[in-house]
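Participant: Encoded as structure tokens, here's the structure I'll be asking about.
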Amino acid sequence: MQPQPSSSDRSAPAPATEPHRLRFPQLDREIVAEPGETIFQSARRSGLRIVGACGGRGACGTCTVQIMDGQVQDGDGRLMGPRPAREGQEARGRWVRACQVRPRADCTIEVEPRSLAPVVRAEAEAQSHEKLVLDPAVACVDLSVPAATLEDPLSDADRLLRAAGRPWTALDIAAARQLPPMLRSADWTLNVRLHGQEAIGIAPAGAPLLGLAVDLGTTNVAGFLIDLRTGTRLASLGIENPQTSWGADVISRINHAMRDAASAEHLRTAAAAAINAIAHDLAQAVGASAADIVDVAVCGNTAMHHLLAGLPVRQLGRAPFVAALREAMDVKARDLGLSVCPGAYVHLAPNVGGFVGGDHVSALLATEPTWSSLATALVVDIGTNTEISLIRRGEIVTASCPSGPALEGGHIACGMRAAEGAVERVAVKDGRLTLAVIGGGKPVGICGSGVIDTVAALREAGELGDAGRLAAGHPDVAEIRGQCAAVLAKDVYFTQHDIRAVQLAKSAIRTGMELLLKDMHLAESELDRVILAGAFGAYIDVRSAIAIGLLPDLPREKFEQVGNAAGLGIRQMLAARGARVRAAEIASSCRYVELSTRTEFQKTFMHNIGFKRARVS
């Protein structure tokens, strides 16, 4: 290997004018970096995952990779390669931020293990043998028709209509294109799929009639395949939202979409590609094809909804945060780029206002049997964008909190998804920190539930003060890369910056709760139930969340962790038209409150920034 210039070489070579090849041995992948691209941009364009919580702006440091061979150039013009070999040692890789360097030669690159671990909690959990109330928007009928003759030369569509004995007002163009060859190859017997009075598709007699419900989350996309003849859930699958390549939070993605039409289309096609991948894999898993999916229902926050639908988001990213539309929509799947039955429709769940979208409406729909029977309830879906609804005797007041990705492991030095190797539980035993790791192996990072536990455990061990400052000199605390950090395991640590990120997130959420309670003239003690929705809400230790001030200091029995309620709600909407009507009623009855512009928001936020002493029962 040729000797590489040192990192102190500040010469500024001319910009690269030719592509370079980037090899990723861990992934058995090789991609091409076009001239001027950073490693992060090349990976994103090639569909190769490198974590980038800030979307490649250089603000978070989560896209760290190791240059094992080759040469890169940073923004100051410095050329860097592997660290030179020391006497008796081999050359070592150099860690760099992928979004801040551009290849200047062919490179071999190693990605941090926590970026590669497969997700094991992607919000796709669903109850086994789940049976939904069934009244689908799509019905089907098997028809046999006489073959065309010179004496009976009716068109194929008219022959089908005559055999049905009931008229439909429209035949989808894709179905019309399939009709002649399929009629003749199937010996004049077909299955017609009907959406209201429109024939949206045709298939061989007895073909599966499937529906796909999708929870399009900021971080993860969960899909659920439903048999529309029986209401049975057949399979489910969760994957990471590929839009994370443009940032972990909705504001980063909105800012990218605002750049130009091509940037907005990148985000739209990424969301569609995720849904298509889920549709294909779920259909294959049950021996069907994606063309057998004749109805799709999707929920997501307002930004995810707009980006998938190709709606403008500029007005959504600036105060007063106005959505393009609030009502539910039924859109042809092909208009969204979805590869299912060509004539199928996609039902987009209604939004409430601001960033409170169809995912929260779906969660309210799914949890209605609980909150409708109580005098007061709080429904909270904690995530990158946290939605909160306070319900008192049927009256619903709703808000969103820009909590950011810290509580899901984003913007955390060793943060990662809930995957193999993630620290998911942290406790104190004999004054020292103990860990539980997903999969039971070597810890490689910290996921969301571990983040909450870590802060609570540091508080319990006396390593973290009320103001959020780590106690230097404690056995678990050391200086790492120039800042104070709590060491959890080899190469896994929790920094002072990480604690600050958690403080900002938990303060935003707690402030949202307190201001909604104030609007309703209620005290926390008057809450009958706090319903925690979402995968994150399902896995956090409520005691830890109370201990750090994220959740109200209430008896444990007042909390109910319901898992992915949005996923259940959107499955209900897929399976029954009545659920769609009820979701629209819930959305219109919610009184949306924009908290960030209120005068008392900042004062309450600062009051919640520290760590309160809480009684945990």
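Participant: Looking only at residues in segment 357-406 that are farther than 22 Å from Asp519 by Cβ and of a type in the set (Gly, Ala, Ser), which one is surrounded by the fewest Cβ atoms within 10 Å (Cβ to Cβ)?
Facilitator: Going through the qualifying residues, I end up with Ser373.
Participant: Could you grab me the full set of residues in segment 237-266 that are within 15 Å of the chain's Cα centre (by Cα) and under 13 Å from Gly47 (Cα atoms)?
Facilitator: Scanning segment 237-266 gives Glu240, Asn241, Pro242, Gln243, Thr244, Ser245, Trp246.
Participant: Also, I was wondering about something else. State which residue is farthest from the chain's Cα centre (by Cα) when the search covers only segment 170-192 and only residues that are surrounded by 13 or more Cβ atoms within 10 Å (Cβ to Cβ), aliphatic (A, V, I, L, M) and part of a helix (DSSP H, G or I).
Facilitator: Top of the filtered list is Leu183.
Participant: Exactly one of these conditions fails for Asp156: (1) buried (at least 18 other Cβ atoms within 10 Å of the Cβ); (2) under 21 Å from Leu209 (Cα atoms). Give me its number.
Facilitator: (2)
Participant: Every residue in segment 434-449 that is at pLDDT 90 or above, touching a Leu at 6+ places or on another chain (Cβ under 8 Å) and not in a loop (DSSP other than H, G, I, E, B), please.
Facilitator: The answer is Leu435, Ile446.
Participant: Here is a follow-up. Quick one: which residue in Gly201, Gly287 is farther than 24 Å from Asn564 by Cβ and open to solvent by 40 Å² or more (accessible area, probe 1.4 Å)?
Facilitator: Gly287
Participant: Oh, and also: I'd like to verify a number: residues in segment 417-432 that are open to solvent by less than 30 Å² (accessible area, probe 1.4 Å) and in a strand (DSSP E or B), how many?
Facilitator: Of the residues in that region, 4 qualify.
Each row is one residue, and each column tells you yes or no for (1) in contact with an Asp or Glu (Cβ under 6 Å, 6 or more places away or on another chain); (2) open to solvent by 50 Å² or more (accessible area, probe 1.4 Å); (3) at pLDDT 90 or above; (4) farther than 25 Å from Gly36 by Cβ.
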{"position": "Ala85", "(1), (2), (3), (4)": "no, yes, no, yes"}
{"position": "Gln89", "(1), (2), (3), (4)": "no, yes, no, yes"}
{"position": "Pro103", "(1), (2), (3), (4)": "no, no, yes, no"}
{"position": "Thr108", "(1), (2), (3), (4)": "yes, no, yes, no"}
{"position": "Ala117", "(1), (2), (3), (4)": "yes, no, no, yes"}
{"position": "Glu130", "(1), (2), (3), (4)": "no, no, no, yes"}
{"position": "Ser144", "(1), (2), (3), (4)": "no, yes, no, yes"}
{"position": "Pro167", "(1), (2), (3), (4)": "no, yes, no, yes"}
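Participant: If a residue counts only when it is of a type in the set (Lys, Arg) and open to solvent by 60 Å² or more (accessible area, probe 1.4 Å), which strands (runs of 3 or more DSSP E) contained entirely in segment 512-617 have at least 1 such residues?
Facilitator: Ranges flagged: 529-533, 590-592.
Each row is one residue, and each column tells you yes or no for (1) open to solvent by 50 Å² or more (accessible area, probe 1.4 Å); (2) over 26 Å from Leu132 (Cβ atoms); (3) touching an Asp or Glu at 6+ places or on another chain (Cβ under 8 Å).
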residue: Gly206; (1), (2), (3): yes, no, yes
residue: Gly231; (1), (2), (3): no, no, no
residue: Ala235; (1), (2), (3): no, no, no
residue: Ile254; (1), (2), (3): no, yes, no
residue: Ala264; (1), (2), (3): no, yes, no
residue: Thr269; (1), (2), (3): yes, yes, no
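The values are calculated or read from the model by the stated rules, or taken from the named source; none is laboratory data. The structure presented is a predicted model; accordingly, all values stated were derived computationally and were not measured. Heads up, the Cβs are rebuilt from the backbone with ideal geometry, glycines too, and the neighbour counts pull from every protein chain shown. All accessible areas refer to the heavy atoms of the entire protein, side chains included, with ligands and DNA or RNA removed. Shrake-Rupley method; radii C 1.70, N 1.55, O 1.52, S 1.80 Å.
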